[in-house]
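Reading through the structure tokens given below for one structure.
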Amino acid sequence: MNILVTGGAGYIGSHMCKRLAEHGHRIAVIDDLSTGHEQAVRWGEFHRGDVGDGEFLDRVFERFRPEAVLHFAAKSIVAESVADPALYYRTNVAGSLRLIERVRKTPGCVFVLSSTAAIFGRPQAERIDETHPCAPINAYGRSKLMVENILAEYWAAYRLPSVSLRYFNAAGADASGAIGEAHTPETHLIPRILEAALGRAEPVRVFGADYDTRDGTCIRDYIHVDDLCQAHLDGLEYLRAHPGCHAFNLGNGRGFTVREVLDAATRVVGRRLAYQIGERRPGDPAMLVADAARAQQILHWRPAHPQLETLIESAWRWHRQRAF
Ligand code: UFG
């Protein structure tokens, strides 16, 4: 297939491009390099630009003629979305709408959205399935939910087929060590721990140890980036056989506390890692764990790397030798 990957210079997008290339697809990447890295674009043709630029999209679509668009390009830091919601609505909502409109004008083209657990807001269950109410508590979550809602209406009114994939905590890196997570600033737990272990960042501050969890720190469901990529392939295949508007939660269904992640990282790195206990970070729910039974039943998706240590090992390989 001809597959257009927006945000293909970013963390999950670049892993997706590698996987698509391995499956023999033709790839075009769109990225404005506002947060992505040109060195991460190694598979397919590269078009530098903004998904919110209609003329740019026209040029890329006319030349490449995509049969599927995988839309990773987005702003995705919760705290930033609270401080600057306009940026999130402009990029994630207006930008996505422009892209979806272009897909609507492209007969036969299907759409896959990178969505997030942040659309659910405060969890009302131990494990979150697709029937959980969507009540986001920040502009990031709201911006992604708005795009999911647009996609539902575009299926109902225009028959534009789509899948929304709600990632829980994406982590890990490609086994080659050639690409990996590289955000500036880095806000995510595992890369922060590993960069601190390498002496390139301050020791990690644990954001709150007084939560109502088994050790007082927040619980998250860490899912390997390669498993997320596999879900996109499975979602695309499903969409071709079952055109519609679908949504799936993607996680391992098992949560780890921040302390447990630190312990696992200690085992991987092979030495004690210093950390401090700090204040809670505003907007952090105590626990976010996926119930991914639907993806397993319908997409036949099974995470291949559910072990926390394996996941951290892959990230460690990347951080030790990262090229960007
Ligand atoms: N944490 C720390 N110290 C740090 C960084 C993180 O203690 O330096 C903790 C956080 O408080 C949280 C856990 O580690 O409990 C994981 O934090 P991340 O920042 O790695 O990830 P989030 O859980 O905040 O983010 C995820 C997704 C977002 C989504 C969000 C919804 O990456 O896309 O969940 O809450 F919006």
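The values are calculated or read from the model by the stated rules, or taken from the named source; none is laboratory data. Just so we're clear, the structure is a prediction, and the values are computed from it rather than from any experiment. Cβ placement follows ideal geometry from the backbone for every residue including glycine, while neighbour counts extend to all protein chains displayed. Each accessible area value is taken on the protein alone, full model and side chains, heavy atoms only, with ligands, DNA and RNA left out. Shrake-Rupley method; radii C 1.70, N 1.55, O 1.52, S 1.80 Å.
Within the range 150-163, is there a residue that is assigned to a loop (DSSP other than H, G, I, E, B), in contact (Cβ under 8 Å) with a residue 12 or more places away in the chain and of a type outside the set (A, V, I, L, M)? Step through it out loud before you land on a result.
Taking the range 150-163 and keeping what is assigned to a loop (DSSP other than H, G, I, E, B), we get 159-161.
After this cut, where a residue has to be in contact (Cβ under 8 Å) with a residue 12 or more places away in the chain as well, the list is 159-161.
Imposing the further condition that a residue be of a type outside the set (A, V, I, L, M) reduces the set to 159, 161.
Yes, there is a match, as at least one residue in the range 150-163 is assigned to a loop (DSSP other than H, G, I, E, B), in contact (Cβ under 8 Å) with a residue 12 or more places away in the chain and of a type outside the set (A, V, I, L, M).
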Exercise. Does V103 satisfy the criteria of being closer than 30 Å to A241 by Cβ and in contact with a Cys (Cβ under 8 Å, 6 or more places away or on another chain)?
Worked result: yes
For this session: Among the residues of the range 206-233, write down those that are among the hydrophobic types (A, V, I, L, M, F, W, C) and either within 12 Å of the ligand (Cβ to nearest atom) or open to solvent by less than 10 Å² (accessible area, probe 1.4 Å) (or both).
Result: V206, F207, A209, C218, I219, I223, V225, L228, C229, A231
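Applying the selection to the range 293-305, what residues are without any contact (Cβ under 8 Å) to a residue 60 or more places away in the chain and either small (G, A, S) or surrounded by 14 or more Cβ atoms within 10 Å (Cβ to Cβ) (or both)?
Answer for the range 293-305, where residues must be without any contact (Cβ under 8 Å) to a residue 60 or more places away in the chain and either small (G, A, S) or surrounded by 14 or more Cβ atoms within 10 Å (Cβ to Cβ) (or both): just Q296.
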Exercise. Could you say which residue among G95, G108 is open to solvent by 50 Å² or more (accessible area, probe 1.4 Å), of a type outside the set (A, V, I, L, M) and touching a residue at least 24 places away in the same chain (Cβ under 8 Å)?
Worked result: G108
Problem set entry | Qualifying residues in the range 248-297 (those that are within 13 Å of the ligand (Cβ to nearest atom) and among the acidic types (D, E)) - the one nearest to the chain's Cα centre (by Cα) | D284
Problem set entry | Members of the range 152-164 that are buried (at least 24 other Cβ atoms within 10 Å of the Cβ) and among the aliphatic types (A, V, I, L, M) | V163
Exercise. Give me the pairs: first residue in the range 185-205 and near the ligand (Cβ under 9 Å from one of its atoms), second residue of a type in the set (V, I, T) and open to solvent by 60 Å² or more (accessible area, probe 1.4 Å), beta-carbon distance under 9 Å, and six or more apart or on different chains, which are they?
Worked result: R205/I277
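Here's the yes/no breakdown for (1) outside the structural domain of R122 (by TED's automatic domain parsing); (2) farther than 19 Å from L198 by Cα; (3) touching an Asp or Glu at 6+ places or on another chain (Cβ under 8 Å):
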residue: L228; (1), (2), (3): no, yes, no
residue: A241; (1), (2), (3): no, yes, no
residue: A264; (1), (2), (3): yes, no, yes
residue: R271; (1), (2), (3): yes, no, no
residue: Q276; (1), (2), (3): yes, no, no
residue: P282; (1), (2), (3): yes, yes, no
residue: P285; (1), (2), (3): yes, yes, no
residue: H305; (1), (2), (3): yes, yes, yes
residue: A315; (1), (2), (3): yes, no, yes
Exercise. Which strands (runs of 3 or more DSSP E) sit wholly inside the range 8-103 and have at least 1 residues that are under 30 Å from Y158 (Cα atoms) and within 16 Å of the ligand (Cβ to nearest atom)?
Worked result: 68-71
Problem set entry | Looking only at the range 121-147, and only at residues there that are closer than 19 Å to G235 by Cβ and surrounded by 19 or more Cβ atoms within 10 Å (Cβ to Cβ), the one that is nearest to the ligand (Cβ to nearest atom) | K144
